[in-house]
Each structure stands twice: as C-alpha cells, then as structure tokens.
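Following: one structure in structure tokens, then a few remarks.
The values are calculated or read from the model by the stated rules, or taken from the named source; none is laboratory data. Note that the structure is a prediction, hence the values are computed from the model and not measured. In this analysis, Cβ positions are derived from the backbone assuming ideal geometry, glycine residues included, and neighbour counts consider all displayed protein chains.
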Amino acid sequence: MALNKEPRKYYLICYDICESKKRTKLAKKLKDFGVRVQKSVFEAFLTEDKYKEMVELVSPFATENDSIRIYPLTNSSYNSKTIVGNQYNYLPLKDIII
C-alpha cells in the first residue's frame, strides 16, 4: 500500500455564523476536513485539492452577516502554538495508518 506523499499544509478555520442551524451544518461539514479545537474553530492538515474542496463547500455559509476565515499556517508556527486552558483531547493532525 503506497502512502500519499502529496504536500499538505496546516490551516486554522474560524467562523462567526449568526444562525444556529446554519452554524451546526457548517461544523458538521468542517469535521470532514479537520478537528474542532474550540466551538467555532477547526484545525486542518490538507492537500491543495482538499483545501479547495473545503473552501468551495463552506463558501455558501458566509452570507452578508456571517464570516469564515481560513488562515494557512507553516509547520513551524503550528508546532510552536501555545495552548492556555483546556487542551482539547484530540489526535494530532497527521496521517493515521491502520
């Protein structure tokens, strides 16, 4: 079995969606791409194709009163993050091989 060696990048996805139902739908979609680290914040480790797919999928959620911000992170900045308070118990964003 060959490992996918396509380059990946870390992303921080933050959103401010007013309507609860729409916010819940967005969160469910983002779970397919990354890990929820706060109520309106996800971290993702994506290939360029997956990144484009995610942006296309979430774009309709950002209407006039709502916003979604996606920040690319370098490996260095992601790995040197500081977490203060609750350190959500989640797996690191790496390939999982079974």
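Restricting region 70-98 to residues that are surrounded by fewer than 12 Cβ atoms within 10 Å (Cβ to Cβ) and either in a helix (DSSP H, G or I) or basic (Lys, Arg) (or both) leaves a set whose member that is modelled with the lowest pLDDT is LYS94. If you go through region 1-20 and keep only what is out of contact with any strand residue (DSSP E or B) (no Cβ under 6 Å at 6 or more places or on another chain) and either modelled with pLDDT of 95 or more or under 19 Å from ARG69 (Cβ atoms) (or both), you end up with ILE17, CYS18, GLU19.
Checking each residue in region 20-59 for being farther than 24 Å from GLN87 by Cα, exposed (fewer than 13 other Cβ atoms within 10 Å of the Cβ) and of a type outside the set (S, T, N, Q) picks out LYS21, GLU48, ASP49, LYS52, GLU56.
Please verify whether LEU26 is touching a strand residue (DSSP E or B) at 6+ places or on another chain (Cβ under 8 Å) and at negative phi, treating the condition exactly as stated. So LEU26 passes the test. Go through the residues of region 53-68 one by one and say whether even a single one is of a type in the set (A, V, I, L, M) and in contact with a Gly (Cβ under 9 Å, 6 or more places away or on another chain). Checked against the condition, which is being of a type in the set (A, V, I, L, M) and in contact with a Gly (Cβ under 9 Å, 6 or more places away or on another chain), region 53-68 yields at least one hit.
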